[in-house]
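*Asks:* Shown below is the structure under consideration.
Any read-out appearing in this document is the output of simple, stated calculations on the displayed coordinates, not a laboratory observation. On a predicted model such as this, the values are computed, not experimentally measured, just so you know. Methodologically, a virtual Cβ is constructed for each residue, glycine included, from the backbone with ideal geometry; neighbour enumeration extends over all protein chains shown.
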Amino acid sequence: MPDNEYDAIVVGSGISGGWAAKELTEKGLKVLMLERGRQHDHIKDYKTATKDPWEFEHRGRTTPEQKKKYPVVHRGWAAQEAVMDAWANEEDCPYTEVKPFTWWRSYRMGGRSILWGRQSYRWSDMDFEANAKDGIAIDWPIRYKDIAPWYDHVEKFAGISGSVEGLSHLPDGKFLPPFDLNFVEKDVAARIKEKYKGNRHMIIGRVANLTAPITGRTQCQFRSRCWEGCPFGGYFSTQSSTLPAAMATGKLTVRPFSIVTKIIYDKDTKKAKGVEVIDAETNQTYEYLSKIVFLNASALNSAWLLMNSATDVWPEGLGSSSGELGHNVMDHHYNLGATGTIEGYEDKYTYGRRPTGFYITRFANMNGDKRDYLRGFGYQGSASREGWSREVAELNIGADFKEALTEPGSWTIGATGFGEILPYHENKITLDKIKKDKWGLPVLSMDAELKENEIKMRKDIVSELIAMFEAAGAKNVNPWETYYSIGQGIHEMGTARMGKDPKTSVLNSNNQVWDAKNVFVTDGACMTSSACQNPSLTYMALTARAADFAVSELKKRNL
Amino acid sequence: MDRRELLKMIAVVTGGAFIGGELLLSGCKNADTIGGVIFSTADISFLNEVGETILPATSSPGAKAANVGGFMKVMVNDIYEPKDQAIFHEGIIKLNDACKKAHSVSFMDATAEQRASLLISLDKEAKEYQENKKKEDPSHYFTMMKQLTLLGYFTSKEGATQALRYIAVPGKYNGDLPYKKGDKAWATS
C-alpha cells in the first residue's frame, strides 16, 4: 500500500472517533485517525491533574484576557483555570450566530472525551419510537433490539457503573457496581418514591467511572477532577481506553494537526476515495485514500465536512440530496432547576468526592402521564453539606466566624433538568459564505432556537422539581435558572440524521451516507431525535455497530 | 463536560457571584488592562492585617500566615476588571480613613479590638450596599476584601490543611460518614 493509503480513515479522535479506530483496527483494518488539534498524551499531558488547590495561581478563576479570548466558553461554568487549555481557540475558529448558539469545542487529541460529564444512559424503545408515535419529523430506522447488543459491547469495555433498576424506559446495562447515593439522598429518594407511589425514580447516576479496575486502568479514586484528565485512568476517555486498544493492534496511525477539509468523491463509483487534509501548522494540503471513511468530528463539524465536500453532483454538499443535511439541530436544554435545604442530619457527612450524583429518570408523557407538550426530561443533582463559602448568620468577621466556617454547614440539595429538544427542520446550520477561519475555510452559521414545546417543558422542569423537593421535605426551595442557548447542553446533534428513506434522511440504518455508501457518520450528527438522556453512550454503541457492519460489507466486497 | 462543576456553581449562584467572575453573556466588553495600579509592600502588609482581622489565628493559622495580602494582589491585578481594581485600591485608603475617623488611629496602628469593631461596621455597611446596589454598579470594596480573604485563606495550604481537612486522593467514598460537632469540613468538594 502506498504511504497515503489506508483501509479506513477516521475523522476525529473524540468519544466516537476513538471507538471507530478501536473497532476497525481490532477487526484487522489499517486505519488513519485524523485529529485537527495537537497531541494530548494520557497522564503525561494532564498538567494540572495532581496540583493542589493552592497551586492554582487564580484558584480556578479566569483572567480578563482569557474572557476576551474565549467569550463563548465564558457563557457558563466551562471557563475555569484548570481547563482553559482544553478549549478551541475562538479567534482562530469563529462561527456565526444568526441566533445565539453556544459551541464548546476542544480541538486536541481525545476531543471532549477528556472533558465529558461521563453520564451514560441507554435509550429505550420509548425513545426510538417517539417520532413515529408523535408524528414528529421522521421515524428512527432502528429499534432498541438493534442497538442493545452494542450497548452491552461498549459498556463492558468503557466501564459503566450503575444500579440495576428494572425500568423499561431506562434499560439496565452491563454495569460495574454502582456508586452510592449518600445518606440524605437515600432518604430523599425514598420519600419521592413513597409520595409518587413508585412512579418517580431517583437513582445514582450511571457513569463511565470505574468502580472496579479493568485491564490497564485503575478504579476511580474519588478526586472528582475528571475533566483535567485522570492520572489513574479512572474514567472512559479516548486516551485511557479506546486509543491504547487501537494502538495495541499495530494498525493505527494517528495524525494530529490534520484539518480534514473535504471528502474526495468519485462520481464513477459513487463512493468516497479518501479525504483532503490541511496541516494546521504548515498549511500544506495532503490527500489520504481509503476504502471507507468514518466521520466522527462532532455533530456540527461532521456536517460541516459533508457540506464543504460539495461537487457538481451534490452542490449543497455530500449527503445533501434529501435537503436535510445541516438541519434538525438538537441539543438538551438545561441550566435550570431548584435548590433547597434539608433540615437535620447534622450527624451525617460524606467522605470522598464522588464523580456522579443522583439522576431522576423521566416521568413526563409516559405510563399514562400527559402534559401540554411532547416528550420529557430528567434531572441530575446532588445533596451535600455547605462549605466555607456560605453565609453565617449573625457572624461577619473574627475568630467565631472563622471557626464556624471550618465546620460543614447545613445539608442542601440541588439539581438541573435535562430536557428533550424536538427536531425542527428550520433549526439548521449552514456554511457562512463570507466569514473564514484562520485557514481560509468557511465557518458554520448557526440558526437554531428553542420553540414552544421546549419553553413549556422548561416551566414544568422547574415546577416539578420544586414539588418533588418539597414532597421530600426540603425547605427554602427556590428555582434557579442561568443562561442557556442551543448548544450549551454540549449535546449538539441531528445534523445528518438517520432514516429509512433517502428522500428525508442523510444516513441509512447503518449510518452510511445514502449518497456515498462508504462514508459513515456515527457521532451526534446521526441522531433522529434527542431523547433526554445524555447521548455519548448511544454514539459509542452506534459507532461499534456501524464499524462491524462496515467491515462485514468490505469483506463481502460491497463497499 | 463535567457538569458537577455546574452543580458546584449552583451554590455560587445562590450565594452571590464572585467579583471579577461575571459571566459575559455576549461578546466582549472588556477594556484592555492598563498597568496603572500597583500594590506596594505596605499595601500587602495592610491587606494581610485586614485578612487577619477577618480570619484571625485560632487553633489554626490566620489569614496573615497564608499571606492573603499577596493573594489579593495577584487576584486584583490578574482577575479584576480595571473598574474593580480602582475601587479596590481606593478601598485601602477608605478603610484606613474610616479607622482614623472611628478610632483616631491608622489601621496599622490600631489594636486588634479597634480593627475588629471597624470591620464589623464596614461589613454591615458593605452588606447593605450590596443588597441595595444596582446590578451594574460595582461592588463595595470591603466585599471584595472579605471575599478574597475567604477564598485565599480556605484554598491556601494553611487554610485547606489546618483549618479544614484536605485529602488529595480519597480513594473511596462513604455517603454515611458519622459527624460530630467540631469535626472539620473537607477543603474540596
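*Asks:* To test your reading of the geometry: what angle, between 0 and 90 degrees and rounded to tens, separates the Cα axis of helix A:183-195 from the longest principal axis of chain A?
*Replies:* Compared with the principal axis, the helix lies near 90 degrees.
*Asks:* Ok, one more. Compute the distance in nm between two label points, each set 7 Å from the Cα along the Cα-to-Cβ direction, one at residue A:441 and one at residue A:399.
*Replies:* The modelled label-to-label distance comes out at 6.4 nm.
*Asks:* Turning to a different aspect of this structure: Using Cα pairs closer than 8 Å and at least 6 residues apart in sequence, work out the relative contact order for chain A, in percent.
*Replies:* Working: 1305 pairs, mean separation 124.4, N = 559.
With pairs under 8 Å counted, the relative contact order is 22 percent.
*Asks:* Work out how much length residue A:143 to residue A:310 would gain on full extension: take 0.36 nm times their residue separation and subtract the Cα-Cα distance, in nm to one decimal. Mind showing how you got there, number by number?
*Replies:* Numbers: separation 167, 0.36 × 167 = 60.12 nm, distance 3.21 nm.
Additional length available on full extension: 56.9 nm.
*Asks:* Can you work out the Karplus-derived ³J(HN,Hα) for every residue in the range B:159-175? Use 6.51 cos²θ - 1.76 cosθ + 1.60 with θ = phi - 60°, whole Hz, and x for glycine or proline.
*Replies:* With the stated coefficients, the range B:159-175 comes to x, 5, 9, 10, 7, 10, 10, 10, 10, 5, 10, x, x, 7, 10, 10, x Hz.
*Asks:* Here's something else I'd like to know. If you put +1 on each Lys and Arg Cβ and -1 on each Asp and Glu Cβ, how big is the dipole of chain A around its Cα centre, in Debye rounded to 20?
*Replies:* Numbers: 71 positive and 72 negative charges, 203 e Å.
Taking the Cα centre of chain A as origin, the dipole is about 980 debye.
*Asks:* Another one. How high is the FRET efficiency between residue A:56 and residue A:268 when r is their beta carbon distance and R₀ equals 41 Å, given to the nearest 0.05?
*Replies:* Numbers: r = 58 Å, r/R0 = 1.41.
So the FRET efficiency works out to roughly 0.10.
*Asks:* Please name which of A:480, A:34, A:9 has its Cα lying farthest along the dipole of chain A towards the positive end, using unit charges on Cβ (Lys, Arg +1; Asp, Glu -1) and the Cα centre as origin.
*Replies:* Projecting each Cα onto the dipole axis, the largest value belongs to A:9.
*Asks:* Quick check on my link table: of A:348/B:184; A:195/A:475; B:94/B:127; A:67/A:435; A:251/A:291; A:475/B:133, which ones sit more than 18 Å apart, alpha carbon to alpha carbon? Don't skip to the end; give the middle numbers.
*Replies:* Values: A:348/B:184 13 Å; A:195/A:475 16 Å; B:94/B:127 16 Å; A:67/A:435 22 Å; A:251/A:291 15 Å; A:475/B:133 28 Å.
With Cα atoms farther than 18 Å apart: A:67/A:435; A:475/B:133.
*Asks:* For the range B:101-118, in order, what is each residue's ³J(HN,Hα) by Karplus, 6.51 cos²θ - 1.76 cosθ + 1.60 with θ = phi - 60°, in whole Hz (x at glycine and Pro)?
*Replies:* 5, 7, 10, 6, 8, 5, 4, 5, 9, 6, 6, 4, 5, 4, 4, 4, 5, 4
*Asks:* Another question, if that's okay. Starting from the amide H of residue A:339, placed 1.01 Å from N in the peptide plane, find each other amide H under 5 Å away whose residue is 5 or more places distant or on another chain.
*Replies:* A:478, A:480
*Asks:* Related question: Between the range A:136-151 and the range B:44-122, what is the separation of their alpha carbon centroids in Å?
*Replies:* That distance is 62 Å.
*Asks:* Continuing with the same structure: Between residue A:370 and residue A:426, what length in nm is gained on full extension when 0.36 nm per residue of separation is reduced by their alpha carbon distance?
*Replies:* Details: separation 56, 0.36 × 56 = 20.16 nm, distance 2.67 nm.
The residue A:370-residue A:426 span can extend by a further 17.5 nm.
*Asks:* Which pairs, out of A:27/A:271; A:197/B:180; A:99/A:459; A:174/B:172, put more than 27 Å between their alpha-carbon atoms?
*Replies:* Details: A:27/A:271 22 Å; A:197/B:180 35 Å; A:99/A:459 22 Å; A:174/B:172 22 Å.
Over 27 Å Cα-Cα: A:197/B:180.
*Asks:* May I ask for the distance between the Cα centers of the range A:438-460 and the range A:510-531, given as a whole number of Å?
*Replies:* That distance is 20 Å.
*Asks:* If you don't mind, another one. With only Lys, Arg, Asp and Glu charged, each at its Cβ (+1 for the first two, -1 for the last two), find how big the charge dipole of the range B:36-145 is about the Cα centre; round to the nearest 20 debye.
*Replies:* Working: 12 positive and 16 negative charges, 18 e Å.
Here the size comes out at about 80 debye.
*Asks:* Under a Cβ-Cβ cut-off of 11 Å, what is the net charge of the residues other than residue A:94 that fall near it, where Lys and Arg count +1 and Asp and Glu count -1? Write down the numbers at each step before the final one.
*Replies:* Details: positive: A:435, A:436, A:438; negative: A:90, A:91, A:92, A:97, A:432, A:437.
Charge balance in the 11 Å sphere: -3.
*Asks:* Please list the non-local residues whose amide H lies under 5 Å from the amide H of residue A:10, H modeled 1.01 Å from N, same-chain partners needing a gap of 5 or more.
*Replies:* Distant-sequence amide H within range of residue A:10: A:32, A:33, A:34, A:294.
*Asks:* Moving to a separate point now. Please work out the C-alpha center-to-center distance from the range A:227-244 to the range A:181-223 and express it in whole Å.
*Replies:* Spelled out, the Cα-based centre of one part sits 21 Å from the other.
*Asks:* Hey, which aspartates and glutamates would be in cross-link range of residue A:30, C-alpha to C-alpha under 19 Å, not counting anything within fewer than 8 residues on its own chain?
*Replies:* A:3, A:5, A:7, A:276, A:287, A:548, A:553
*Asks:* Tell me, what ³J(HN,Hα) does each residue in the range A:75-82 have, in order and in whole Hz, if you take phi through Karplus 6.51 cos²θ - 1.76 cosθ + 1.60 with θ = phi - 60° and put x for Gly and Pro?
*Replies:* My calculation for the range A:75-82 gives 6, x, 6, 6, 7, 9, 3, 5 Hz in order.
*Asks:* Now, a different point. Which cross-chain or sequence-distant (5 or more) residues have an amide H under 5 Å from the amide H of residue A:435, H modelled 1.01 Å from N in plane?
*Replies:* Correct list: A:443.
*Asks:* Each label point is 7 Å from the Cα along the Cα-to-Cβ direction; what then is the distance between the points at residue B:183 and residue B:117, in nm?
*Replies:* Between residue B:183 and residue B:117, the label points sit 4.1 nm apart.
*Asks:* Another one. If we sort A:373-379, A:110-116 on the protection proxy, mean other Cβ atoms within 10 Å, highest first, what's the order? Provide the component values of the computation, followed by the final result.
*Replies:* Working: A:373-379: 23.7, A:110-116: 26.7.
Listed from highest to lowest mean packing, they are A:110-116, A:373-379.
*Asks:* Along the charge dipole of the range A:93-157, which of A:137, A:109, A:119 sits closest to the positive end, that is, farthest toward it, with unit charges on the beta carbon of Lys, Arg, Asp and Glu (+1, +1, -1, -1)?
*Replies:* So the residue we want is A:109.
*Asks:* Out of every Cα-Cα pair in the protein assembly as shown, what percent are more than 50 Å apart? Walk me through the numbers on the way to the answer.
*Replies:* Details: 48340 of 279378 pairs.
Above the 50 Å cut-off, the protein assembly as shown has 17 percent of its Cα pairs.
*Asks:* Right, another one. Please name whichever of A:250, B:102, B:182 sits farthest to the positive end of the charge dipole of the protein assembly as shown, dipole taken about the Cα centre and charges placed at Cβ: Lys and Arg +1, Asp and Glu -1.
*Replies:* Of the options given, the answer is A:250.
*Asks:* So, one more: Quote the FRET efficiency, to the nearest 0.05, computed for residue B:157 versus residue A:218 with a Förster distance R0 of 25 Å and r equal to the Cβ-Cβ distance.
*Replies:* Working: r = 27 Å, r/R0 = 1.06.
Calculated value: 0.40.
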